[in-house]
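Beneath this line is the structure, given in structure tokens, with notes to follow.
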Amino acid sequence: MIKLYDNGAYLLNGTEIVEDTSEASQVLSGKGITTDKAAAAKNTIAYSILEAHNTSGNMERLQIKFDTLTSHDITFVGIIQTARASGLEKFPIPYVLTNCHNSLCAVGGTINEDDHMFGLTCAKKYGGVYVPPHQAVIHQYAREMLSGGGKMILGSDSHTRYGALGTMAMGEGGPELVKQLLKKTYDIKMPGVVGIYLDGEPMKGVGPQDVALAIIGATFGCGYVNNKVMEFVGPGVEKLTADFRIGIDVMTTETTCLSSIWKTDEKIKEFYDIHGRSADYKELAPGAVAYYDGMVYVNLSEIKPMIAMPFHPSNVYTIDEVNANLADILHDVEQKALVSLDGAVDYSLQDKIVNGKLYVEQGIIAGCAGGGFENICAAADIIRGKNIGSDEFTFSVYPASTPIYMELVKNGAVADLMAAGTIVKTAFCGPCFGAGDTPANNAFSIRHSTRNFPNREGSKLQNGQISSVALMDARSIAATAANKGFLTSATDLDVEYTGEKYFFDKSIYENRVFDSHGVADSGVEVKFGPNIKDWPAMSALPENLIVKVVSEIHDPVTTTDELIPSGETSSYRSNPLGLAEFTLSRKDPSYVGKAKAIQKAQKAIEADECPLDAVEELRPIMAKINETFPEAGRGNIGVGSTIFAVKPGDGSAREQAASCQKVLGGWANIANEYATKRYRSNLINWGMLPFLTSEDDKALSFANGDYIFVPDVRKAVEEKAEVIKAYVVKEDGMKEMDLRLGDLTDAEREIILKGCLINYYRG
């Protein structure tokens, strides 16, 4: 079904794979091909797009300027506030502010709608685009109105993926968008490019989520495409509709890749034609001989309906496997939950087995992954003439945009869904991050959405709640709904899919979306609700540093949802200090108190007071440090907190996973590795040291509650030291340890030295 090549590979004429083995040169020469690897690597689609947007003149060290920026209402307030504090006068490129996350004003009174008014007035003042709530989820609007062949888009949401439409898009934390707003660049090493070779054609009833989950399952665990660009090629591409490709593409984020791009053809041209943007289509294809740093072969014909069981999109099985081995697979999930949930609640799925079948209480098709036109039409075809019953099972569908919703009303799909007992709602991302349709305690939900991390659906471990989410394709969710909640594969049903044609009504956006067309109006006053607060002042990196370990996380991977929860907490994301109160609240509820306790020392330093008076437990620590480093002390030292996690940062691009630690006095993270480039970038942009340790997480030289002294840390950053000596400090002695920062650009080093991106741009 899926094969990962052990080596890089050449792709000949878009159809033939030649693996880069010792025989490759002989095979190529036998075909009359004399190109070398370096030259062939320039023939990928990804290389050509990156080259066109690179301003450095050096394709090994890229400095990218994007064509368009996008943000939603969880992120745009913080981004614009950071940019304003750094000297923003006008949006230099199109910046689209959508409102699809904090759309329900159910928490904190007026604060969500206050954020929306902030966004509208900023779009007017600085020359942007404002998409009101319930009009479109961020990524669907970008597909319909912003994408273009050969373009690059940067978004402050991790699922910023428009590769199927010929647009290389990346999801990053807010500070990377701030850099673009301040006419700076996105600086990265040239990423590796991995070919995703699609062959065959999906069987009837298999949808894009099935293909996506199969690819995620094959690549996530081994990191095959981590921080690389996935380039979709091969004869199978042309067998897929534009919507089908989009549905696969948006889920590439869950592989931890950097971005994605697809070859384009007449079906993508038709997409642009339908949306009245024919001029934005561009034919893209790799050169006659293209070299890829890896190759994933996918036989679409062999993929069956899939399910990603809790608590990660990579925990995949075929639905047939689950139904055939139900008790064993549920037991395996329960065992994994012991790690994911830290034993915080009793967790069992055995009550989901009813008469030998898996019973689920909820089905949802939603958001940027599930809410597409073809997905919902297929679901309507499956459930037409049936009903979901009157027991616990519920079924909700969220079209990804109002234009899609309108067409589903016109062609009767909405009527078919509602007649069966489905609730059809407006464009909203809530089910994807716990701000809508939270299941009952102990309930099991199947969703065509993006993620199924612990508590991503909105339950709260700290309150003794837990519910589970499994990811599936819309077709099999509808088949399960038609079977009144018993897990059913869409291929088990004999359905005649109508294949409705899509018609896009551009007047819907023309009548509601504010578009400045790039014209700024400096006379507009920005509206600030009482919850919208400025970032607190942040100190520069000191000469020497003392950090207290205030949390240890030994899970194999830690998601950004665990670092700063999603759901109702997102309403406070315009208030840095208010949001910080939720940091690690679901993973380590004691974190905030412990971080604040040690932060008192840094606040004393900043007030030119003695930190030892503020935090009494520092006295013996400082005394022990001064035995070896007598010059360390008042005037040349900083004090704060750090956390250890094995592999933090999987999932969302949200910068708050780092900034919340920073405003609570965090100076660093210590990790064996970072799950994503975007989380590491967020740490750097908030002036936090992204330390790496090679120590095994089960035999660390430090533990929760320990103090770590890093002498001459500022000098080490300035001089690009490969190894930074640090010491675990106890009253009876100091134990040496090695820390590393990994590769940093000169600008990233300067940001860390200045204390954060805001300080860096203030000068």
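Every number here is computed from the coordinates shown, using simple stated rules; none is lab data. The model shown is predicted, which means the values in this text are computed figures rather than measured ones. Heads up, the Cβs are rebuilt from the backbone with ideal geometry, glycines too, and the neighbour counts pull from every protein chain shown.
Summary of computed values
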| read-out | value |
| --- | --- |
| DSSP-assigned coil residues among GluC sites (Glu not before Pro) in the range 520-592, each with at most 14 further Cβ atoms within 10 Å | Glu525, Glu581 |
| Built amide H within the under 5 Å cut-off of Ile532, gap 5+ | none |
| Calculated from backbone phi, Karplus (6.51, -1.76, 1.60) coupling profile of the range 723-740 in Hz, x at Gly/Pro | 10, 10, 6, 9, 9, 7, 9, 10, 4, 9, x, 10, 10, 6, 8, 9, 10, 10 |
| For the chain: relative contact order, % (alpha-carbon pairs under 8 angstrom, 6 or more apart) | 14 percent |
| Length-normalised contact order of the range 68-187 in % [C-alpha pairs under 8 Å, at least 6 apart] | 31 percent |
| The chain - Kirkwood radius from inverse mean 1/r over Cα pairs (Å) | 26.7 Å |
| Euclidean distance between Cα centres, the range 353-423 to the range 498-530, Å | 28 Å |
| Rounded to 5, the percent of DSSP beta bridges in the range 306-507 classed as antiparallel | 35 percent |
| Note, ³J(HN,Hα) from phi for the range 576-586, Karplus 6.51, -1.76, 1.60, rounded to Hz, x at Gly and Pro | x, 6, x, 5, 4, 4, 9, 4, 6, 5, 8 |
| Cα Rg, Dmax (largest Cα-Cα span) when computed across the range 286-366, Å | 17.7, 57 |
| Nearby aspartates and glutamates by direct alpha-carbon distance to Lys720 (threshold 18 angstrom, same-chain neighbours under 8 apart not counted) | Asp187, Glu543, Asp712, Asp738, Asp743, Asp746, Glu748, Glu750 |
| Cα gyration tensor, the range 68-187 - rounded (a/c under 1.5), prolate or oblate | oblate |
| Estimated D of the range 330-391 in µm² per second, where Rh is the Kirkwood radius over Cα pairs and Stokes-Einstein applies at 25 °C, 0.890 mPa s | 165 µm²/s |
| Spatially close lysines, pair count over the range 306-507: Cα under 21 Å, gap of eight or more or interchain | 14 |
| Around Ser467: net Lys/Arg minus Asp/Glu count, Cβ-Cβ under 11 Å | -1 |
| Under-5 Å amide H pairs with Ala169, H placed in peptide plane, nonlocal only | Ile153, Tyr162, Gly163, Ser260 |
| Greater than 30 Å apart at Cα, pairs in Lys125/Lys179; Lys90/Lys269; Lys184/Lys600; Lys189/Lys662; Lys183/Lys548 | Lys90/Lys269; Lys184/Lys600; Lys183/Lys548 |
| Counting DSSP beta bridges with both ends in the range 68-187, the antiparallel % (nearest 5) | 5 percent |
| Residues with amide H under 5 Å from that of Asp157, placed H, sequence gap 5 or more | Glu172 |
| In Hz, Karplus ³J(HN,Hα) per residue of the range 123-136 (6.51, -1.76, 1.60; θ = phi - 60°; x = Gly, Pro) | 4, 6, 5, 9, x, x, 10, 10, 9, x, x, 6, 7, 6 |
| DSSP-defined antiparallel bridges as percent of all bridges, the chain, nearest 5 | 40 percent |
| Between the range 695-737 and the range 546-595, the Cα center-to-center distance that results, in Å | 23 Å |
| Shape of the range 544-762, Cα gyration tensor, a/c cut at 1.5 | rounded |
